[in-house]
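Below: one structure, written as structure tokens.
The values are calculated or read from the model by the stated rules, or taken from the named source; none is laboratory data. The structure displayed is predicted, hence computed values, not measured ones. Virtual Cβ from ideal backbone geometry, glycine too; neighbours counted across all protein chains shown.
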């Protein structure tokens, strides 16, 4: 028969070993999320009106090169989850005047409802309607596609490196911000175009 101290020591070792083995299994049971993918299983189990709040600070867009920041709220509705939020994005592109690198900030007002494809209570598949934003069968709500579309819609057709960018020479490509060239091909303000034409005609 083992002494009491030896028996107690064996029990402690056994308990520590059990905890070490069980830890990974327990960690997988927690709801996890990234800024673009949120596990909403718990929120789907809660009554209408329950909400969660998250902070967005991620890269998004077609090439995932646009920095998106802001706050969003997820609210349980009778059919799914409503997302609302005010975000800002810094888009990158080519300046339409000088063809240099350009960055511009845009505002995004987000409001979309996502619908589950798997009933949280029964586990029955729910067929989404055409055009619906959906929550996948693992109860993951992915914001990536919605944010990409918001960025596209909010992006201006012309991006400038700065509002007063003077552009480049259409003949040699000289950047007018670095000085004039011999071609004198600065773009003319459309409001003075007719006067410029008259000036040319007067010199003939």
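When residues of the range 98-113 are filtered for being part of a strand (DSSP E or B) and over 14 Å from residue 68 (Cβ atoms), how many remain?
Number of matching residues: 5.
Taking residue 97, is it touching a residue at least 40 places away in the same chain (Cβ under 8 Å) and assigned by TED's automatic domain parsing to the domain that holds residue 149?
Yes.
Out of the residues in the range 72-97 meeting the condition of being farther than 18 Å from residue 38 by Cβ and assigned to a loop (DSSP other than H, G, I, E, B), tell me which one is modelled with the highest pLDDT.
Ranking the candidates gives 78 first.
From the list 122, 130, exactly one residue is without any contact (Cβ under 8 Å) to a residue 12 or more places away in the chain, within 27 Å of the chain's Cα centre (by Cα) and farther than 27 Å from residue 56 by Cβ. Which is it?
Selected residue: 130, the only one of 122, 130 that is without any contact (Cβ under 8 Å) to a residue 12 or more places away in the chain, within 27 Å of the chain's Cα centre (by Cα) and farther than 27 Å from residue 56 by Cβ.
Looking at the range 140-153, can you tell me whether even one residue there is farther than 16 Å from residue 78 by Cα, in contact with a helix residue (DSSP H, G or I) (Cβ under 6 Å, 6 or more places away or on another chain) and at pLDDT 90 or above?
Taking every residue of the range 140-153 in turn, none turns out to be farther than 16 Å from residue 78 by Cα, in contact with a helix residue (DSSP H, G or I) (Cβ under 6 Å, 6 or more places away or on another chain) and at pLDDT 90 or above.
Which of the residues spanning the range 45-63 are at negative phi and modelled with pLDDT under 85?
Correct list: 58, 59, 60, 62, 63.
With the structure loaded, tell me whether residue 175 is touching a strand residue (DSSP E or B) at 6+ places or on another chain (Cβ under 8 Å) and modelled with pLDDT under 85 or whether it fails that test.
Considered against the rule, which asks whether it is touching a strand residue (DSSP E or B) at 6+ places or on another chain (Cβ under 8 Å) and modelled with pLDDT under 85, residue 175 comes out as yes.
Taking the options 113, 175, name whichever one is surrounded by 12 or more Cβ atoms within 10 Å (Cβ to Cβ) and not assigned by TED's automatic domain parsing to the domain that holds residue 50.
175
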